[in-house]
Each structure stands twice: as structure tokens, then as C-alpha cells.
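The values are calculated or read from the model by the stated rules, or taken from the named source; none is laboratory data. Everything numeric in this text was worked out from a predicted model, so none of it was measured. FYI the Cβ positions are ideal-geometry reconstructions off the backbone, even for glycines, and counts take in every protein chain you see. Accessible surface areas use protein heavy atoms only, side chains included; no ligands, DNA or RNA. Shrake-Rupley method; radii C 1.70, N 1.55, O 1.52, S 1.80 Å.
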Amino acid sequence: MIEFINQLLPFLFIIGKILVVVVPLIVCVAMLTYFERKVIAAMQLRKGPNVVGFMGLLQPFADGLKLLLKETIIPSQANKIVFLIAPMLTFSLALLGWAVIPISSQFVIANINVGILYLFAISSLGVYGIIMAGWASNSKYAFLGAIRSSAQMVSYEVSIGFVLVTVLLMVGSLNLSDIVQAQAGGIAHWHAFGLLFPMFVVFFISALAETNRHPFDLPEAEAELVAGYNVEYSAMSFALFFLGEYANMILMSGMTAILFLGGWMPPSNLPAFTVIPSVVWFVAKVLLCLFVFVWTRATLPRYRYDQLMRLGWKVFLPLSLVWVVLVSGWVIYK
């Protein structure tokens, strides 16, 4: 019995670490919807959610309960199994990415040596959930939205891949903890404020396109596609797509903080900064990136589809390729 318990303990420890990350993350996804509505309301001189709970803080939970209690309507001609798997896949992949994100110097679920490759693979798989949803719905609008979204995501994944190459060339490691450690020493050593500043800009704009956010939310263009790939979804199946988008926003913000903003590192080695826990610095940087996501939505109009593809293939791809060559030369001759 004791031997069985000893064998079980490592498994329970891993489950505990996963819950420590996933449970707060799901709560944060819910509260991000409230944060977005409040920020946009402030920018438009409105109040935003202010009825359910103190200052409207319980509004996300009321919305979630409403969607949970609604009936899930499945189109009669849809492929039911694929139709229901698609939103689950989209939401699950957004959570799986956090397995390798180091939240502090002491805490990461899986500190693997190929963390960047893992994140790139997970982000690439996100396309499948959207294509499955558009195809399984057996609707022309949903299918067109899925094709448009998959083309958009694949286009910007190419640029993101080359941006990741520049980071690993600078650091010499695919381990995300090593990438953060390489930026120790204050704000001047962060990649976003050095040679990789253009790649920081390319990565963040590509993250907007990858998560289908303004000004690149063309897959959800109401004017011509009704609502895009999720037009046939309702109740909790729709909520999973909705939550998956916001979970992807948090994941991309976490990646931005890790790769370019020093992760859990403070902006200075002064005692006033180092006394603050590393987790707080990481969360603050993620919140800053999320604020820019929301700020962009409140400010910029939607791109046309040809402008979106031109930006990805004719601007970001050549720029990232040139920067890979420049960084390679700098690493060799420095």
C-alpha cells in the first residue's frame, strides 16, 4: 500500500500543478470579457457592465450560466460528432499551451528543452478546430468563414515562425526559461528594446491576426458572412469558441512577455523592484499586452481581406526573413 502511494504521489503532484494553472486561467478568461467591456466603455465614455454584482463584476459568470442553461441546437444536416468536437478542441489547445509557459523561476508545469517548438505546434493545431467547425456545420457561410480564418492563421504563422527563429538565435536555446534568463539585468536587456524590436512589433501584430482580433477579425465579419465559422453554434458550444479566443489572447500575451519583455524579470535590479514577487511581474506584463489587445479593438477599423493578406505575405514575411539573416550575422560576428 505504501509503495502504491509513493508511486501515486508524483502523478498527484503533476495534477496539482496543472490545476494551479488551469483553474485561475479559466477564471481569468471569464474576467477578461469583463475587463474588455469596461475598457472599451471607458474609451467610448460609457459605463459598461454595472448591474450584476459590485460594479458588474459578476456579469461574466451570469453570461456563462445563461449559455450553460441554453439548449445546444445542432443543424439537422451537420456531422454531429465533428460539430461538437471542434469547439472542445479549440478551447483545449488554448489551455495546453500553458504547459511550458514559465510563470516564475520556480514554477513551470513542464520545463522541456523544446518549449518554443511545442508552442508553435500547439498554435498551428488551432486551425483544425476552426476548419472542423466550418465543415461540420454544413453551411456555406460557416464554411467560407472557416476557409478565410484558416488562410489568415496559416499566413501569419509563417511570420511568427521566423520571429521565433530570431529569438532562439539570440539566446541559443529553445527552452523558455533560458530565454527569460537571457533577458536578466533590467529593461535594457529585454529583446523588445534591442535588436529584436522590429520582430517584437511583427510578433504582436501577427498575434492579433492569429487570434482573429481587431483589426483582423475578418472570419467573424457580420456584414458578409453573418458571423463566420461559428454561425451555426449556440449555447455552451458557442461559449467554448468564445472562451477559446480569449484564452488564446492570454496565451499570446504570455508568449510576448516571455520572448520579448523579460518574462518574470523586473525592469530593474533596484531593491524596490526586486522585492516584488516574480509572478506579479509576469502577470503585470500579460495584463499590459491584454490591454493593448483591447485598446486596438476600440481604436482601429477592420482591414479588408486583401490588405490583411498583403500585410502578412508582402511585408511581415520579407521583413522577418531579412531579420533572421541580420541576427544570424550579428550572432556570428559579435
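At-a-glance table
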quantity: Qualifying residues in the stretch 269-297 (those that are of a type in the set (Gly, Ala, Ser) and under 23 Å from MET255 (Cβ atoms)) - the one farthest from the chain's Cα centre (by Cα); calculated: SER278
quantity: Residue match in the stretch 80-93 (condition: out of contact with any helix residue (DSSP H, G or I) (no Cβ under 6 Å at 6 or more places or on another chain), over 25 Å from GLY126 (Cα atoms) and of a type outside the set (D, E, K, R)); calculated: no
quantity: The stretch 27-56, residues that are free of Cβ contacts under 8 Å to residues at least 12 places away in the same chain and open to solvent by less than 100 Å² (accessible area, probe 1.4 Å); calculated: VAL27, ALA41, ALA42, GLY48, ASN50, VAL52, GLY53
quantity: Of all residues making up the stretch 144-169, the number that are closer than 30 Å to ILE73 by Cβ, in contact (Cβ under 8 Å) with a residue 60 or more places away in the chain and surrounded by fewer than 23 Cβ atoms within 10 Å (Cβ to Cβ); calculated: 2
quantity: Helices (runs of 4 or more DSSP H) contained in the stretch 170-288 and holding at least 3 residues over 30 Å from SER76 (Cβ atoms) and open to solvent by less than 10 Å² (accessible area, probe 1.4 Å); calculated: 176-181, 197-210, 235-260
quantity: Answer from ILE74, ILE131 - the residue that is in a loop (DSSP other than H, G, I, E, B) and either touching a residue at least 12 places away in the same chain (Cβ under 8 Å) or in contact with a helix residue (DSSP H, G or I) (Cβ under 7 Å, 6 or more places away or on another chain) (or both); calculated: ILE74
quantity: Which numbered condition ASP306 fails, given (1) in contact (Cβ under 8 Å) with a residue 24 or more places away in the chain; (2) under 30 Å from ALA136 (Cβ atoms); (3) open to solvent by 10 Å² or more (accessible area, probe 1.4 Å); calculated: (1)
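Condition check ((1) under 25 Å from GLY254 (Cβ atoms); (2) assigned to a helix (DSSP H, G or I); (3) modelled with pLDDT of 85 or more) across all residues:
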position	(1), (2), (3)
PHE11	no, yes, no
ILE15	yes, yes, no
ILE18	yes, yes, no
VAL21	yes, yes, no
VAL29	yes, yes, yes
GLU36	yes, yes, yes
ALA42	yes, yes, yes
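Here is a yes/no grid of residues against (1) farther than 25 Å from ARG148 by Cβ; (2) open to solvent by 30 Å² or more (accessible area, probe 1.4 Å):
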site	(1), (2)
PHE61	yes, yes
LYS66	yes, yes
ILE81	no, yes
PRO87	no, no
ILE101	yes, no
LEU119	no, no
